[in-house]
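Asker: My questions will all concern the structure given below.
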């Protein structure tokens with residue numbers, strides 16, 4: 001049985017296959033493919049492979065996705081609105097995952113997710129899109145399941161890599177989940193394995209909010225415009241490079257991180273009536289490792305999931321294996 005978990009986020013696309021050791025990850029950016037760029041190869045220097053590639057669509061249109069789209073496309077698309085799942089770039093991202101990870105004529109079980117605020121209205125749209133992408137590649141899935149996005153991390157926490165309940169976990173515990181993404185943060189309340197809608201929501205802050213603060217700082221102090229990859233490196237601790245000089249902005253980064261973390265914690269406490277009734281608060285998503293330490297004063301029961309960047313996709317895959325036993 002081939003189980004596949006796919007998390008197409010605004011910032012990055014992540015996919016975990018039961019038949020592959022490493023996750024597939026690349027930025028959620030798409031652009032038209034044109035002539036290949038000229039590259040200098042000096043002194044046998046090896047270039048780091050770009051995360052992403054080139055995809056030929058069913059109508060023979062060629063697209064770049066991931067880092068090649070950022071580097072080479074004249075116009076790169078990275079939409080952030082709720083209609084994203086109805087766009088061609090979103091479909092290209094799904095096509096790229098399916099092409100890289102699934103063989104033709106296979107019958108996988110696929111689990112994926114949607115942001116909490118769009119789950120009820122867009123669930124059927126996403127299910128139909130996934131079916132169309134698979135049928136276009138001559139595949140017939142056994143099952144396509146769409147869940148609220150942070151539930152992937154819930155599954156990652158309570159299931160093992162074979163899709164069985166982890167004996168050390170209590171699936172019925174009362175949990176809050178904070179999924180810190182690139183542009184948005186999602187919150188989910190889970191009690192006795194039940195999704196509590198009134199305790200769930202979304203907030204338009206994330207890693208990009210920290211990046212925006214550092215980008216403004218670099219522009220105001222040195223007239224330096226940081227692109228996305230440079231800004232992410234600076235947030236990770238790298239200096240700002242200006243005319244051959246290095247400028248340390250780690251103190252400013254810490255301040256920006258603390259401000260964003262406190263906004264997230266404040267919203268979570270409002271959703272969960274302070275959070276004292278929760279047994280655990282799980283922190284996940286690509287922004288989890290960056291912000292979790294600034295949130296411990298608000299929630300003493302915080303747990304940062306391992307490899308939080310891909311925890312949703314990994315949990316989707318583990319849940320697909322769990323459900324596979326029902327349809328075997």
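The values are calculated or read from the model by the stated rules, or taken from the named source; none is laboratory data. Note that the coordinates shown come from a computational prediction; the quantities given were computed from them, not determined experimentally. Glycine gets a Cβ as well: all are built from the backbone with ideal geometry, and neighbour counts include every protein chain shown.
Asker: For the range 57-73: of the residues being at pLDDT below 80 and on the phi < 0 side of the Ramachandran plot, which is surrounded by the most Cβ atoms within 10 Å (Cβ to Cβ)?
Answerer: Keep residues of the range 57-73 that are at pLDDT below 80, which gives 57-60.
Restricting the remaining residues to those that are on the phi < 0 side of the Ramachandran plot gives 57-59.
Numbers: 57: 13, 58: 9, 59: 5.
My answer is 57.
Asker: Looking at 291, 282, which one is crowded, with 22+ Cβ neighbours inside 10 Å and part of a strand (DSSP E or B)? Full working, then the answer.
Answerer: Values: 291 fails: part of a strand (DSSP E or B).
From the options 291, 282, the qualifying one is 282.
Asker: Taking the range 261-293 as the region of interest, how many residues are farther than 18 Å from residue 184 by Cα and over 23 Å from the mean Cα position of the chain (by Cα)?
Answerer: Qualifying residue count, the range 261-293: 8.
Asker: With the requirement that a residue be closer than 26 Å to residue 204 by Cα and modelled with pLDDT under 95, what does the range 238-265 give you?
Answerer: none
Asker: Something else about it: Taking residue 227 and the conditions (1) more than 18 Å from the chain's Cα centre (by Cα); (2) within 27 Å of residue 69 (Cβ to Cβ); (3) modelled with pLDDT of 95 or more, which numbered condition does it fall short on, given that it satisfies the others?
Answerer: Among (1) more than 18 Å from the chain's Cα centre (by Cα); (2) within 27 Å of residue 69 (Cβ to Cβ); (3) modelled with pLDDT of 95 or more, residue 227 violates only (3).
Asker: Same structure again: Output the strands (runs of 3 or more DSSP E) that fall wholly within the range 184-278 and possess 3 or more residues being loosely packed, with under 14 Cβ neighbours inside 10 Å, or say none.
Answerer: 194-203
Asker: Are any residues in the range 91-113 closer than 20 Å to residue 147 by Cβ and touching a strand residue (DSSP E or B) at 6+ places or on another chain (Cβ under 6 Å), and if so, which ones?
Answerer: 93, 97, 101, 108, 109, 110, 111, 112, 113
Asker: Say we look at the range 133-153 and pick out the residues that are assigned to a helix (DSSP H, G or I) and in contact with a strand residue (DSSP E or B) (Cβ under 6 Å, 6 or more places away or on another chain); which of these is surrounded by the fewest Cβ atoms within 10 Å (Cβ to Cβ)?
Answerer: Step one: list which residues in the range 133-153 are assigned to a helix (DSSP H, G or I), which gives 133-136, 151-153.
Subset that is in contact with a strand residue (DSSP E or B) (Cβ under 6 Å, 6 or more places away or on another chain): 152-153.
Values: 152: 33, 153: 30.
Taking the candidates together, the pick is 153.
Asker: Out of (1) surrounded by 18 or more Cβ atoms within 10 Å (Cβ to Cβ); (2) touching a helix residue (DSSP H, G or I) at 6+ places or on another chain (Cβ under 6 Å); (3) within 20 Å of residue 63 (Cα to Cα), the odd one out for residue 102 is which?
Answerer: For residue 102, the failing item is (2).
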